[in-house]
Amino acid sequence: MSLPNCLNHVLRRDELNALEKKMLPPMRVNPSAGRLPRRVKDDERLRQATVSVLETMFYRAVEVSQPGNLAELWAVKDCWLHSSVTFSGAFRGSVVCWLPETLAEALTRDFLGLSEEETVDEGQRTDLVAELSNMICGRWLSTLQHPIPFELTYPVVVEEPEGWCPSDAFLHGPEFVINVDGEAILVGAIGER
């Protein structure tokens with residue numbers, strides 16, 4: 001299996017070989033370990049970019065919370081999807097998002113204007129999750145106002161293994177957790193090693 005150069009394909013982390021896993025951002029993220037400029041106002045801009053994308057593109061009311069204990073996040077019985085988009089320019093890194101498959105399907109339905117009776121296929125859902133991380137990353141980077149333009153890669157979407165839970169995502173907690181209709185989206189930015 002090789003990593004696709006296009007959207008519309010979800011990878012399953014447990015089916016990747018060792019080299020392919022190295023090409024993905026780490027499953028456990030320590031945001032403070034990267035070389036990103038870690039300023040409070042940049043973290044706030046990432047929060048604002050995420051809220052703005054969810055409110056303007058999906059017409060969702062969202063609630064932002066500090067991560068606290070991720071093990072206490074509400075239980076999600078289905079699988080989680082992990083999307084990341086890598087950027088380079090004034091500095092290098094990735095914006096990562098995790099969200100439950102059920103929320104990804106609901107957001108896809110809203111974004112495409114589908115009714116409850118219409119089926120959302122895996123390709124549509126994967127494209128939506130990839131585009132969500134792409135929109136968040138692009139909106140966030142545009143607020144940093146660096147004179148050097150940033151280049152973004154194609155987003156990569158990975159289905160986490162069965163039994164994965166949010167506490168597996170971050171060593172020291174994500175920058176923030178977003179509550180959308182009672183389900184969580186975890187968002188963070190990490191520097192490239």
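Laboratory data are not the source of any read-out in this text; all were calculated from the coordinates shown. Fair warning: this is a prediction, and the values are worked out from it, not measured in the lab. In this analysis, Cβ positions are derived from the backbone assuming ideal geometry, glycine residues included, and neighbour counts consider all displayed protein chains.
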In the stretch 100-144, which residues have a backbone nitrogen under 17 Å from the label point lying 7 Å from ALA90's Cα in the Cα-to-Cβ direction?
137-144
Tell me, what HN-Hα J-couplings in whole Hz come from the Karplus equation 6.51 cos²θ - 1.76 cosθ + 1.60 at θ = phi - 60° for each residue of the stretch 123-139, using x for Gly and Pro?
x, 5, 5, 4, 4, 5, 5, 5, 5, 4, 5, 5, 5, 5, 4, x, 5
HN-Hα J couplings of the stretch 143-156 from phi, Karplus 6.51/-1.76/1.60, θ = phi - 60°, integer Hz, Gly and Pro as x?
7, 6, 6, 7, x, 8, x, 9, 10, 10, 8, 5, x, 10
Show me, for the stretch 97-110, the HN-Hα J-couplings you get by feeding each phi into the Karplus relation (A = 6.51, B = -1.76, C = 1.60, θ = phi - 60°), rounded to Hz, glycine and proline as x.
9, 10, 8, x, 4, 5, 5, 4, 5, 5, 5, 4, 4, 5
Compute the FRET efficiency between ASP110 and HIS146 as 1/(1 + (r/R0)^6), taking r as their Cβ-Cβ distance and R0 = 41 Å, and round to the nearest 0.05.
0.80
1/(1 + (r/R0)^6) with r = Cβ-Cβ of ASP121 and GLU44, R0 = 35 Å, i.e. FRET efficiency to nearest 0.05, evaluates to 0.45
